[in-house]
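The values are calculated or read from the model by the stated rules, or taken from the named source; none is laboratory data. None of these values were measured; they are calculated from a predicted model. No Cβ is skipped: glycine too gets one built from the backbone with ideal geometry, and neighbour counts run over all protein chains shown.
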């Protein structure tokens with residue numbers, strides 16, 4: 001009887017392990033293509049984020065003030081950008097570029113989510129109207145600038161002034177960053193590689 005219980009427990013542990021591996025394996029394959037280079041000598045265009053930042057550890061808040069839910073963050077590839085209360089011309093150009101990149105993936109665009117992180121809660125009315133009109137499909141959260149400063153090693157002002165876009169994988173890991181020297185084509189090339197390598201998200 002004891003052996004039966006032990007066997008059932010071991011079976012459950014095995015099944016859970018296999019489930020986890022099934023979920024993570026495609027993402028592992030995506031990373032392999034990046035960092036082993038696959039059949040290409042040229043790898044990612046973005047810079048690898050080596051500090052191991054998990055988005056769900058960043059204390060994200062939904063716009064209504066509630067804590068961000070895991071099922072909102074997990075399950076898609078994300079392009080993530082930061083802003084304060086207002087968005088200047090360069091900021092708007094970056095957000096527009098993110099929208100166009102997502103649109104360029106056509107049927108696969110549903111695998112990609114654009115995320116806008118607000119460091120200030122008093123969003124300028126003019127920009128709020130633009131969001132509702134032109135960027136309604138962006139996921140938006142509030143966050144503490146200092147939390148991201150400590151986690152990513154960049155000041156919030158640097159991330160905004162340099163128009164830094166981050167790529168986040170479907171299990172919430174911040175993996176790549178792009179600054180103003182990168183082009184939309186750079187980001188598209190990397191995302192194509194990731195989507196091809198991963199069946200998750």
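Within the range 118-125, not a single residue is touching a helix residue (DSSP H, G or I) at 6+ places or on another chain (Cβ under 9 Å), surrounded by fewer than 20 Cβ atoms within 10 Å (Cβ to Cβ) and in contact (Cβ under 8 Å) with a residue 60 or more places away in the chain. Of all residues assigned to the range 159-166, at least one qualifies as being touching a helix residue (DSSP H, G or I) at 6+ places or on another chain (Cβ under 9 Å), assigned to a loop (DSSP other than H, G, I, E, B) and crowded, with 18+ Cβ neighbours inside 10 Å. Scanning the range 88-102 for residues that are touching a strand residue (DSSP E or B) at 6+ places or on another chain (Cβ under 9 Å) and free of Cβ contacts under 8 Å to residues at least 60 places away in the same chain yields 95, 99, 102. The residue that is nearest to the chain's Cα centre (by Cα), among those in the range 77-95 that are exposed (fewer than 14 other Cβ atoms within 10 Å of the Cβ) and under 23 Å from residue 189 (Cβ atoms), is 93. Take the residues of the range 168-201 that are in contact with a helix residue (DSSP H, G or I) (Cβ under 7 Å, 6 or more places away or on another chain) and assigned to a strand (DSSP E or B): which is nearest to residue 48 (Cα to Cα)? Only one residue fits best here, namely 176.
Identify, from the list 65, 52, 75, the residue that is on the phi > 0 side of the Ramachandran plot and either modelled with pLDDT under 85 or assigned to a helix (DSSP H, G or I) (or both). Let's see the steps before the verdict.
On the way: 65 fails: either modelled with pLDDT under 85 or assigned to a helix (DSSP H, G or I) (or both); 75 fails: either modelled with pLDDT under 85 or assigned to a helix (DSSP H, G or I) (or both).
The conditions single out 52.
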